[in-house]
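Colleague: Quick one: the structure is below, questions incoming.
FYI, it's all coordinate maths here, none of it is from the lab. Quantities reported herein were computed from a predicted structural model and do not represent experimental measurements. Every residue, glycine as well, gets a Cβ built from its backbone with ideal geometry; the counts of neighbours run over all protein chains shown.
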Amino acid sequence: MKKLIALSILTLLPLSILFSVGVGIYVPDSKDYVTAEETAYSKDENMAASSEYPVGSILNLSLENGKSESVYVNDIYEMPPDRKILLNTKAAENLGIMGTGYDDFDVEIVLEGEGNEDLATRGWVKYLVATAKSNAEALRIYNSLRANGLNAAAKVHGDTIELYVRFVPQYQAIDMLLYLDSLGYTSTLQMPEVNPYL
């Protein structure tokens with residue numbers, strides 16, 4: 001009998017309500033930070049970044065205590081592994097998570113964004129840091145990059161092997177260039193990167 005009651009309760013829930021989703025806060029470290037939608041980071045409106053919901057989406061986030069707010073997804077940002085949405089400070093204040101920095105919310109999709117194909121390579125960069133003439137040399141460089149905490153990758157190009165540092169958020173681009181320079185990679189080539197969350 002208990003199983004039947006549980007099933008009937010579940011069927012009463014609206015289909016637009018999803019399971020709880022981890023929600024956090026993000027504050028870019030640059031005053032000139034531009035979102036994926038090419039607008040300035042807002043502190044005055046309920047905006048959010050997401051790896052789960054496309055740019056242009058309007059989401060209603062609600063807690064069990066009845067508190068809810070709608071947010072507009074205008075950005076794609078590097079997500080902690082347990083989060084699908086990051087709020088700007090305004091939305092975080094309105095939802096009461098500025099103190100904790102994190103909570104689980106039920107998410108209702110009010111309007112699903114269509115996204116934008118341009119977003120696939122917006123907001124992320126990669127660096128060609130070195131070329132190697134042999135597999136042994138490529139392995140040495142690859143291991144050095146990995147040992148320094150970098151997301152390394154190799155690709156054969158003609159008679160050489162290119163070594164890359166991949167999936168760097170745009171807001172970290174300058175810091176990454178300085179870090180690579182400090183490691184001795186002074187002739188790096190920066191280029192657009194595919195967004196790993198799309």
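Colleague: What are the equivalent ellipsoid semi-axes of segment 15-115, built from the alpha-carbon gyration tensor (square roots of five times its eigenvalues), in whole angstrom, biggest first?
Modeller: Ellipsoid half-lengths, sorted descending, are 19, 16, 12 Å.
Colleague: Still on this structure: Net charge within 14 Å of L189 by Cβ-Cβ distance, Lys/Arg positive one each and Asp/Glu negative one each, not counting L189 itself?
Modeller: Net of charged neighbours comes to 0.
Colleague: Next question. Using Cα centres only, tell me the gap between segment 158-192 and segment 23-59 in whole Å.
Modeller: 25 Å
Colleague: With semi-axes √(5λ) of the Cα gyration tensor in Å in mind, check (1) 40, 20, 15; (2) 28, 19, 16; (3) 24, 19, 18 and report the label derived from this structure.
Modeller: (1)
Colleague: Right, next: Tabulate in residue order the Karplus-calculated ³J(HN,Hα) for segment 80-89, using 6.51 cos²θ - 1.76 cosθ + 1.60 with θ = phi - 60°, rounded to whole Hz; enter x for Gly and Pro.
Modeller: x, x, 9, 10, 10, 9, 10, 8, 6, 5
Colleague: Still on this structure, please answer the following. Say the dipole of segment 66-178 comes from +1 at the beta carbon of Lys and Arg and -1 at that of Asp and Glu; which of S68, G149, T89 then lies farthest toward its positive end?
Modeller: The residue sitting farthest along the positive end of the dipole is G149.
Colleague: Please get the size of the charge dipole for the chain, origin at its Cα centre, with Cβ charges of +1 on Lys and Arg and -1 on Asp and Glu, quoted in debye to the nearest 20.
Modeller: 740 debye
Colleague: Mind checking which of Y185, I58, F105 is farthest towards the positive end of the chain's charge dipole, using Cβ charges of +1 (Lys, Arg) and -1 (Asp, Glu) about the Cα centre?
Modeller: Positive-most Cα among the choices belongs to Y185.
Colleague: Under the rule of at least 5 residues apart or a separate chain, name every residue whose amide H is placed under 5 Å from the amide H of D103.
Modeller: V23
Colleague: Still on this structure: Kirkwood Rh over Cα pairs of segment 120-192 into Stokes-Einstein at 25 °C, 0.890 mPa s: D in µm²/s?
Modeller: Roughly 198 µm²/s, to the nearest whole number.
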